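Some notes on the structure that comes next.
Read the figures in this text as sums done on the coordinates, not as results from a lab. Here the structure is a predicted model, which means the values were calculated and not measured. We place every Cβ from the backbone using ideal geometry, glycine too, and count neighbours over all the protein chains shown.
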Amino acid sequence: MKLLIINYHYFRDTKSGKGIHPITTSEFVNQLDLLSKKYLFISQKKLLSYFYKNSFPKGYFCLITFDDGLKEQLKAFEILKEKKIPAIFFVSSMPLITNKVCMVHKFHYVMEQVNYDSLLDCVLQMFPDSPARFKDQLFQKMSMNKYIYDEPKWAKIKFYFNSILNQREKHLLIDQLFQGLEKDEERFSRHLYMNDDDIKSIAQSDMLGSHCETHEPLGSMSDSQIHNELLNSKKFLSTLSSREIHSVSYPFGDSKSVTQGVIDIANEVYSLGITTERGINCQNDIHKRSLSLKRVSTSDINNGEYLN
């Protein structure tokens, strides 16, 4: 068995080219059609049954996933239902409970609304180490290796924000910029994220998974914080949907965010865990590292990878 897991986030028909990579309706439909020529689409229920039995069929399988629980993803949900293609929508619970916006989505919104030079000026003025870092060749290489589909200037901004700044520094930079753009965070949150009824509808189709609680990187947390992030989200989504939640997609999903300690704690709460380590999962991966499965992005599919 070969398992390709694909990760989608923003689903919209306009693209700003400023740090986020939405997929359009036509691109999504085209990808599904191309993927269907090589892969059989698989549901989390079927994948879990293979995992529990340790019995895997031969062939190429594809699992469609969406992170973040964004309202705009409901358009993709309708397309998937119409085509009878299963998927998993991984939802962070904090926005549903508090009507607050996750830090990463504030950052994305700021990138879209603020021009690059102004955003860079804010970073350079606020953090004394940033000018040297942005000129450092290793930093530039690491930025481009992580964000291979971004322009170099946006890759550096994203890498500095996501991988260098701590949580206090992120809030210091982004909260002020976000509040200058959007005065009513609750209204913005209700517009950005799915609501309770949306989640229940997805759960009825057996397509619901957890994206933790706050969408903060787990690798920077204490063991008790990690456990709470994983368990609280599962409990909330299970109660809301009246269904057991078996799978988790780790926020950010890289090796810094998904340490062995994170995987060990996730193993106490979930059966499947999905990272952003690129690649196809073989049968041995599913059997022996079910809490750290590999996943590719929609941009990898647009590039033609994994289709031949």
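What is the calculated FRET efficiency for Q225 to D13, with r their C-beta to C-beta distance and R₀ = 41 Å, to the nearest 0.05?
Numbers: r = 38 Å, r/R0 = 0.93.
Efficiency computed from Cβ-Cβ geometry: 0.60.
Tell me which residues come under 5 Å, amide H to amide H, from I5 once H is placed; ignore anything under 5 positions away on its chain.
So I5 has HN proximity to L63, N281, V296.
Treating the beta-carbon of each Lys and Arg as +1 and of each Asp and Glu as -1, no other charges, what is the dipole magnitude of the chain about its Cα centre, to the nearest 20 debye? Don't jump to the answer; show the numbers that get you there.
Working: 39 positive and 37 negative charges, 199 e Å.
For the chain, the charge dipole is close to 960 debye.
Go from 0 up to the bin containing the longest alpha carbon distance in the stretch 103-186, width 5 Å each, and give me the % of pairs per bin.
All Cα pairs considered, the percentages come to 3, 14, 27, 27, 18, 7, 3, 1, 0.
What value, in deg cm²/dmol to 500, does the helix sum -39500 (n - 2.57) over DSSP H runs of n ≥ 4 give at 222 nm once divided by the residues of the chain? Each step should come with its number before you reach the end.
Working: 16 runs with 152 residues, N = 308.
It comes out at -14000 deg cm²/dmol, rounded to the nearest 500.
Picking from F56, F66, F178, which is most flexible by a Gaussian network model of the chain using Cα springs under 10 Å?
F56
Suppose every Lys and Arg Cβ carries +1 and every Asp and Glu Cβ carries -1, with no other charges. What dipole size does the stretch 122-253 come out with about its Cα centre, to the nearest 20 debye? Don't jump to the answer; show the numbers that get you there.
On the way: 16 positive and 19 negative charges, 101 e Å.
Using Cβ point charges on Lys, Arg, Asp and Glu, the stretch 122-253 gives about 480 debye.
Along the positive direction of the dipole of the stretch 23-179 (beta-carbon charges: Lys, Arg +1; Asp, Glu -1; about the Cα centre), which of M103, N30, W154 reaches farthest?
In the stretch 23-179, that residue is N30.
What FRET efficiency comes out for N195 versus L40 if R0 is 22 angstrom and r is the Cβ-Cβ distance? Round to the nearest 0.05.
Details: r = 32 Å, r/R0 = 1.47.
Here the calculated transfer efficiency is 0.10.
With a 10 Å cut-off between alpha carbons and a GNM built on the chain, which of S224, S210, S233 moves the most?
S224
Which whole-Hz couplings ³J(HN,Hα) result when phi for each residue of the stretch 298-308 is put into the Karplus expression 6.51 cos²θ - 1.76 cosθ + 1.60, θ = phi - 60°, listed in order with x for Gly and Pro?
4, 5, 5, 6, 4, 6, x, 5, 6, 9, 9
Between Q167, M221, C282, whose Cα lies farthest towards the positive end of the dipole of the stretch 151-308 when Lys and Arg beta carbons carry +1 and Asp and Glu beta carbons carry -1, centred on the Cα centre?
The Cα lying farthest towards the positive end belongs to C282.
Quick check on the chain: of the DSSP beta bridges with both residues there, what percent are antiparallel, nearest 5%? It would help to have the intermediate numbers written out before the result.
On the way: 3 of 27 bridges.
Roughly 10 percent of the beta bridges in the chain run antiparallel, per DSSP.
Does anyone have the angle between helix 74-83 and the longest principal axis of the chain? Alpha-carbon axes, 0 to 90°, nearest 10?
Approximately 20 degrees, to the nearest ten.
Sorted from fewest to most neighbouring beta carbons within 10 Å, what does the list V91, V123 look like?
Going from least to most buried by this count: V123, V91.
Report the residue, chosen from G279, G59, G261, that carries the largest GNM mean-square fluctuation when the chain is represented by alpha-carbon nodes joined by springs under 10 Å.
G59
Assigning unit charges at the beta carbon (Lys, Arg +1; Asp, Glu -1) and nothing else, what dipole magnitude in debye, to the nearest 20, does the stretch 222-308 show about its Cα centre?
Details: 9 positive and 10 negative charges, 30 e Å.
Roughly 140 debye, rounded to the nearest 20.
Starting at the first residue of the stretch 213-230, write each ³J(HN,Hα) from the Karplus equation 6.51 cos²θ - 1.76 cosθ + 1.60 with θ = phi - 60°, in whole Hz, x for Gly and Pro.
So the J values, rounded to whole Hz, are 9, 10, 6, 8, x, 5, x, 9, 9, 6, 4, 5, 5, 4, 4, 5, 4, 6.
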